[in-house]
Amino acid sequence: MDRIEAQDIHHKLMNIRFNSFLNPGKLVIEIKKVSKSFGTRTIFSNVSFTVERGEKIAFVGQNRQGKSTLAKIIVRELPHLGEV
């Protein structure tokens with residue numbers, strides 16, 4: 001393997017902006033009575049909440065509490081009961 005020396009190049013900060021052609025409404029996510037089970041194991045049940053434009057959210061909890069499952073339901077990767 002040959003060793004290659006890095007060139008001393010001045011690096012500019014990359015600034016990327018994505019123009020949104022669609023202006024989202026005030027309500028970005030609405031979850032109504034969402035439940036999810038895998039077999040006989042209930043992950044969560046009757047979860048309801050809303051996220052409005054400009055709000056920030058975080059899923060916080062111990063392992064195996066359903067954080068990733070809820071995120072996958074929101075992006076329509078998992079079937080579930082309730083309304084998203």
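Below 12 angstrom from the Cβ of LEU78, what's the summed charge of the other residues (Lys, Arg +1; Asp, Glu -1)?
Values: positive: LYS36, LYS72, ARG76; negative: GLU77.
Spelling it out: positives minus negatives among the neighbours equals +2.
Give the cross-link partners of LYS67 among the lysines, using a straight C-alpha distance below 30 Å as the criterion and excluding same-chain residues fewer than 8 apart.
LYS26, LYS32, LYS33, LYS36, LYS56
Kindly give Rg over Rh for region 27-83, based on alpha-carbon atoms, with the Kirkwood expression for the hydrodynamic radius. Mind showing how you got there, number by number?
Details: Rg = 11.5 Å, Rh = 12.0 Å.
Here the Rg-to-Rh quotient is 0.96.
None of the figures in this text is laboratory data; all of them are computed from the coordinates on show. Note that the coordinates shown come from a computational prediction; the quantities given were computed from them, not determined experimentally. Quick reminder, even Gly has a Cβ in these numbers, built from the backbone with ideal geometry, and neighbours come from all protein chains shown.
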